[in-house]
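Visitor: Dropping the structure in here first, questions after.
The values are calculated or read from the model by the stated rules, or taken from the named source; none is laboratory data. Computed from a predicted model, the values in this text were never measured in an experiment. FYI the Cβ positions are ideal-geometry reconstructions off the backbone, even for glycines, and counts take in every protein chain you see.
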Number of protein chains: 2
Amino acid sequence: MKTANNPLSNIRIVLDHTSHPGNIGSAARAMKTMGLGRMHLVAPQRFPHAEADALACDARDVLEQAQVSATLDEALAGCAIAAGLTARRRDLQHPCLDVREAAQRLLEIAATQQVALLFGNETHGLSNAELTRCQYVISIPTDSAYTSLNVASAVQIMAYELRMASLAHVPSLEETTPLAHLDEIEFFYQKLEETLIRIQFLDPQHPKRLMPRIRRMFARTQLEKEEFSILMGILKQINLFAKSKVD
Amino acid sequence: MKTANNPLSNIRIVLDHTSHPGNIGSAARAMKTMGLGRMHLVAPQRFPHAEADALACDARDVLEQAQVSATLDEALAGCAIAAGLTARRRDLQHPCLDVREAAQRLLEIAATQQVALLFGNETHGLSNAELTRCQYVISIPTDSAYTSLNVASAVQIMAYELRMASLAHVPSLEETTPLAHLDEIEFFYQKLEETLIRIQFLDPQHPKRLMPRIRRMFARTQLEKEEFSILMGILKQINLFAKSKVD
């Protein structure tokens with residue numbers, strides 16, 4: 001457990017479809033001042049970019065080591081938990097945490113497992129589809145008269161709260177139960193959906209909100225690795241039987 | 001007590017000798033998202049400026065209402081408490097608070113009195129002379145590997161903590177004892193210094209660290225208005241006697 005003593009090194013900041021390179025640079029600086037070093041960029045509009053370098057100041061190493069990917073899936077691979085920052089309460093009733101409470105919980109998990117924090121595009125934030133990928137939705141309590149927090153400022157506040165939590169954190173001697181990784185969970189959802197279609201519970205022409213509801217349900221459970229294996233085993237069996245029936 | 005119910009409206013953010021107009025704009029946005037509206041600028045290098053406007057986004061009203069002054073004294077006039085943000089622990093041993101604890105204390109005071117928060121220049125921070133004007137010195141716990149927090153980011157974190165404190169704050173029914181204003185306290189220090197010179201306790205050619213030590217002592221007391229009057233009365237008497245002796 002080589003990273004057990006530094007939970008901050010197990011936390012990645014994922015900036016999704018960021019428009020302005022300056023914000024990427026400012027986010028890197030915000031991260032490094034708080035002891036966070038792992039940045040993932042999903043389809044940034046312009047990167048690398050001189051403005052990002054300029055605003056990163058002496059946190060350019062964070063930019064140089066940033067992982068750039070085309071899809072959110074790649075950025076989340078290997079993570080046990082994803083949490084998304086959003087200004088708005090969505091219709092999708094995910095468990096919504098304030099940033100301080102979230103930082104404490106995520107830091108506890110990050111003692112032994114990989115955690116991703118998602119920040120959306122400057123104009124649109126995170127989409128509902130992206131938020132359904134998150135086990136936690138986090139909001140920063142802005143003033144109702146003006147809720148438009150800059151994305152690098154949101155990174156700064158989140159990183160600050162993680163640092164404050166880490167300074168208060170005494171590592172637990174107990175092992176945390178290994179959680180399923182997000183890519184495994186996505187694989188499960190995909191197989192489940194196929195299965196539900198196959199057994200004609202889900203009509204792909206009229207899916208309604210079935211899959212989002214299922215995701216929301218599993219998001220609250222924080223699926224463990226063993227549970228994931230069990231569920232996959234069940235799906236396999238269902239498919240085996242459904243196939244033989246169709247045949 | 002018209003402002004008793006909104007302590008945030010009694011808090012001013014003082015940006016001292018800010019170099020980059022973009023930082024002034026970002027600070028305005030950071031303030032407004034957290035419900036702070038009162039900005040004071042001491043000798044900004046370039047203001048007003050298009051870059052400040054651009055980065056303020058919809059917080060341009062904060063810039064338009066900002067008070068610009070040539071000296072720190074003007075920006076602090078009428079305040080009961082000044083607190084300065086600094087990355088470094090100074091040799092001057094002011095009471096140094098972490099930002100969370102400071103936010104709670106300052107909010108309590110701001111329920112009935114004016115509070116100023118000072119943020120120094122991007123390169124040099126606050127000078128020791130400026131820090132001696134503060135009753136509190138506040139530091140944000142940055143990572144020792146990279147302590148260089150952007151000034152607008154520091155404003156963001158401080159404003160966020162003030163907002164968090166205000167959300168938790170239940171206004172006290174008790175009246176806070178009226179504190180001496182900072183301009184009164186400065187007047188006192190000035191008269192005290194003159195008096196100490198007059199009575200030949202302080203050698204103006206070799207002042208050593210006498211006045212800073214005295215300031216540090218009074219900073220911890222949070223001088224009340226009545227105490228200020230008493231001290232001034234004492235100084236007047238000392239001067240009266242010293243003068244007659246010299247004559």
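Visitor: Only residues in region A:55-84 that are closer than 28 Å to A:Leu97 by Cα and in the same structural domain as A:Thr112 (by TED's automatic domain parsing) count as the first member; pair them with residues that are surrounded by 18 or more Cβ atoms within 10 Å (Cβ to Cβ) and of a type in the set (Asp, Glu), Cβ under 8 angstrom, at least 6 apart or cross-chain, and list the lot.
Guide: So the pair list comes out as A:Leu72/A:Asp16; A:Leu72/A:Glu130; A:Ala75/A:Asp16; A:Gly84/A:Glu130.
Visitor: Looking at region A:28-55 only, could you name the residues that are at the interface with chain B (Cβ under 10 Å from one of its Cβ atoms) and assigned to a helix (DSSP H, G or I)?
Guide: Residues of region A:28-55 at the interface with chain B (Cβ under 10 Å from one of its Cβ atoms): A:29-37, A:55.
Listed by number, the residues that qualify are A:Arg29, A:Ala30, A:Met31, A:Lys32, A:Thr33, A:Leu55.
Visitor: Continuing with the same structure: In region A:178-196, is there at least one residue being surrounded by fewer than 17 Cβ atoms within 10 Å (Cβ to Cβ) and at pLDDT below 85?
Guide: Yes, some residue in region A:178-196 is surrounded by fewer than 17 Cβ atoms within 10 Å (Cβ to Cβ) and at pLDDT below 85.
Visitor: Let me ask something else. Just to be sure, is A:Val62 surrounded by 17 or more Cβ atoms within 10 Å (Cβ to Cβ), closer than 18 Å to A:Gln156 by Cβ and modelled with pLDDT under 95? Working first, answer last.
Guide: Numbers: surrounded by 17 or more Cβ atoms within 10 Å (Cβ to Cβ): yes; closer than 18 Å to A:Gln156 by Cβ: yes; modelled with pLDDT under 95: no.
Considered against the rule, which asks whether it is surrounded by 17 or more Cβ atoms within 10 Å (Cβ to Cβ), closer than 18 Å to A:Gln156 by Cβ and modelled with pLDDT under 95, A:Val62 comes out as no.
Visitor: How many residues does region A:157-168 contain that are facing another protein chain (nearest Cβ under 10 Å) and surrounded by 24 or more Cβ atoms within 10 Å (Cβ to Cβ)?
Guide: 4
Visitor: Within region B:171-180, can one find any residue that is over 18 Å from B:Leu76 (Cβ atoms), among the aliphatic types (A, V, I, L, M), out of contact with any strand residue (DSSP E or B) (no Cβ under 7 Å at 6 or more places or on another chain) and within 14 Å of another protein chain (Cβ to nearest Cβ)? Let's see the steps before the verdict.
Guide: We begin by selecting, within region B:171-180, every residue over 18 Å from B:Leu76 (Cβ atoms); these are B:171-177.
Remaining after also requiring among the aliphatic types (A, V, I, L, M): B:173.
Among the residues that remain, those that are also out of contact with any strand residue (DSSP E or B) (no Cβ under 7 Å at 6 or more places or on another chain) are: B:173.
Checking the rest, the ones that are also within 14 Å of another protein chain (Cβ to nearest Cβ) come to none.
Checking region B:171-180: not a single residue is over 18 Å from B:Leu76 (Cβ atoms), among the aliphatic types (A, V, I, L, M), out of contact with any strand residue (DSSP E or B) (no Cβ under 7 Å at 6 or more places or on another chain) and within 14 Å of another protein chain (Cβ to nearest Cβ).
Visitor: Going by the structure shown, is B:His40 at pLDDT 95 or above and either surrounded by fewer than 24 Cβ atoms within 10 Å (Cβ to Cβ) or farther than 18 Å from B:Ala154 by Cβ (or both)? Let's see the steps before the verdict.
Guide: On the way: at pLDDT 95 or above: yes; either surrounded by fewer than 24 Cβ atoms within 10 Å (Cβ to Cβ) or farther than 18 Å from B:Ala154 by Cβ (or both): yes.
Yes.
Visitor: Select, from A:Ser69, A:Ser9, the only residue that is closer than 20 Å to A:Asn121 by Cβ and among the hydroxyl-bearing types (Ser, Thr, Tyr). Please lay out each step first, then the result.
Guide: Values: A:Ser9 fails: closer than 20 Å to A:Asn121 by Cβ.
After ruling out the rest, the residue left standing is A:Ser69.
Visitor: Would you confirm whether or not region B:76-94 contains a residue that is modelled with pLDDT under 95, assigned to a helix (DSSP H, G or I) and within 14 Å of chain A (Cβ to nearest Cβ)?
Guide: no
Visitor: For region B:205-228, indicate whether the set of residues that are touching a His at 6+ places or on another chain (Cβ under 7 Å) and modelled with pLDDT under 85 is non-empty.
Guide: Going residue by residue through region B:205-228, those that are touching a His at 6+ places or on another chain (Cβ under 7 Å) are B:216, B:219.
Filter again for modelled with pLDDT under 85, leaving B:216, B:219.
The answer is yes; a qualifying residue exists.
Visitor: Out of all the residues in region A:127-156, which are in a helix (DSSP H, G or I) and either of a type in the set (Lys, Arg) or within 14 Å of chain B (Cβ to nearest Cβ) (or both)?
Guide: A:Val151, A:Ala152, A:Ser153, A:Ala154, A:Val155, A:Gln156
Visitor: Follow-up question, since we're still on this one. Can you find, within region A:229-239, the residue that is modelled with the highest pLDDT among those that are hydrophobic (A, V, I, L, M, F, W, C) and within 27 Å of the chain's Cα centre (by Cα)?
Guide: We begin by selecting, within region A:229-239, every residue hydrophobic (A, V, I, L, M, F, W, C); these are A:230-232, A:234-235, A:238.
Remaining after also requiring within 27 Å of the chain's Cα centre (by Cα): A:230-232, A:234-235.
On the way: A:Ile230: 84, A:Leu231: 86, A:Met232: 89, A:Ile234: 83, A:Leu235: 84.
Only one residue fits best here, namely A:Met232.
Visitor: Which residues, counting only those in region A:201-227, are surrounded by fewer than 12 Cβ atoms within 10 Å (Cβ to Cβ) and not in a helix (DSSP H, G or I)?
Guide: Hits for region A:201-227 are A:Phe201, A:Asp203, A:Pro204, A:Gln205, A:His206, A:Lys208, A:Arg209.
Visitor: Let me ask you something else. Quick one: in region B:109-126, which of the residues that are part of a loop (DSSP other than H, G, I, E, B) and touching a strand residue (DSSP E or B) at 6+ places or on another chain (Cβ under 9 Å) is farthest from B:His20 (Cα to Cα)? Write out each step before concluding.
Guide: Of region B:109-126, the ones part of a loop (DSSP other than H, G, I, E, B) are B:111-114, B:120, B:122-124, B:126.
Then keep just the ones that are touching a strand residue (DSSP E or B) at 6+ places or on another chain (Cβ under 9 Å); that gives B:113-114, B:120, B:126.
On the way: B:Gln113: 31, B:Gln114: 27, B:Gly120: 12, B:Leu126: 16 Å.
Ranking the qualifying residues of region B:109-126, first place goes to B:Gln113.
Visitor: Hey, another quick one. Within region A:1-16, count every residue that is within 19 Å of A:Ala77 (Cβ to Cβ) and modelled with pLDDT of 95 or more.
Guide: Within region A:1-16, the first condition is being within 19 Å of A:Ala77 (Cβ to Cβ), and the residues that meet it are A:3, A:9-16.
When the remaining residues are screened for being modelled with pLDDT of 95 or more, the result is A:9-16.
Here the count works out to 8.
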